[in-house]
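Worksheet: one structure, shown below.
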Amino acid sequence: MDLSEYLLPSYSVDLSVSTLDEAQNPTILKLKTVIETGYDNGFFKIVSPMHRGRMYVLHDDELITVTFYAGEEQQRSAYELTCKVIEKTHKGGNYTVTLRATSQPKKVQRRQAFRVNVFNDYKIPFKGKQITITTKDISSTGMRALSPVQMAKDDVFEIMFDANVIDPEAYENKPDPKRRFKINCRVIDAMPQTEIRRYMLRIQFLDLSNEQSKMLIQYLYAKQAEVIAYDTSLSAQRDQLERLIEGSDDRRRGDDKIIKRYQMIGLLNVVVLFFALMFILFAQPKPLYSLDKFFNIRRAKYWNPHYFTLSMVLTLVAISFGSYGLILNGTRMKRRTDHFSTTLIVTIGIAVIMLFVSIYLLSTQNIYNVVA
């Protein structure tokens, strides 16, 4: 068997790893992953597998069993290959394991398909009316679903499957229409669930293309690993894996010039608003007290139009700067953890209030028509 024809990039494989359980008894751990680089002269690379939402660490020189599938879609056979862990690599966010084949592939009984608990609703036409079935779990070859009506063996229907996996915290994710495709389904059997008045269907997927199978497997891996992303391609899974291991899910690494810019605008706005407040205080006429007369102190009797004008100009500048800062701030509202700058909002609010106060004073006070 030419392994270079079957161990290809992005193809899924199963791993069997010898380990110890919680009671320190030997056990075999089953893992799922995908091939990073294809088989070449006895070597190939896999993406580091996930286990319970975390990367499972394979040790150097450890012997593992790799299970892969060969043959046509409807007559695929499972083969096992013993491999040794040669090297682990972390480069540019890529976590890969280099394996070397140490045996010839051996045909084995096909294992149960990889299943993930996924609860999706699908509306389907059945006997002239629309019904909704709810999935219990989905695999690469079929699914189990609850139906409100009983179906017979070999009944067929069609569902519209959405293989997009969207991050609920992200604002800009858009589903890829290519990841929505129709799947022909055949009922294998239907078991009544009397306590809930439903029927448990075992359903087989029919006529899946290679591309559809890959998207379905990618969808299941993303669900299992709880690494939710818009694009569940291999590169996106590696990026999410890097963030998971490093304990960070921040998309913006390093300095962000736009964030620094609107933060500086917020600080500048505080200074501009301070001077606007000072100038409007200087522009006001001052009351004359008895002690002022005694010490012959003179105070302004009228409004100072120059200070008042400066105050209004600075108020408008504060509103303009703040609005521009909020626009920049809005371009960085990518996730639910992002928020608008409190400094910008507060300074704009105060500046708007000052603008209305200035307009009120212009309409009620004799500021620019002062008689000497």
Practice task
For an R0 of 22 angstrom, estimate the FRET efficiency from the Cβ-Cβ distance between Y56 and T102 and round to the nearest 0.05.
Solution key: 0.60
Fill in the blank from the handout: Of every hundred units of 1.4 Å-probe accessible area on segment 1-135, the number belonging to carbon and sulfur atoms, as a percent, is 45 percent
Handout entry: Exposure rank, largest accessible area first [M143, M200; 1.4 Å]
Key = M200, M143
Exercise for the section: Heads up, I need the accessible area for K182: 1.4 angstrom probe, whole protein in place, Å², nearest 10. Expected result: 120 Å²
Practice task
Could you tell me the accessible area of L310 in Å² (1.4 Å probe, neighbours in place), rounded to the nearest ten?
Solution key: 80 Å²
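The values are calculated or read from the model by the stated rules, or taken from the named source; none is laboratory data. Treat the numbers as computed from the prediction; the structure is a model and nothing was measured. Don't worry about glycine lacking a Cβ; one is built from the backbone with ideal geometry, like all the others, and counts go over all protein chains shown. Heavy atoms of the whole protein, side chains included, go into the accessibility calculation; ligands, DNA and RNA do not. Shrake-Rupley method; radii C 1.70, N 1.55, O 1.52, S 1.80 Å.
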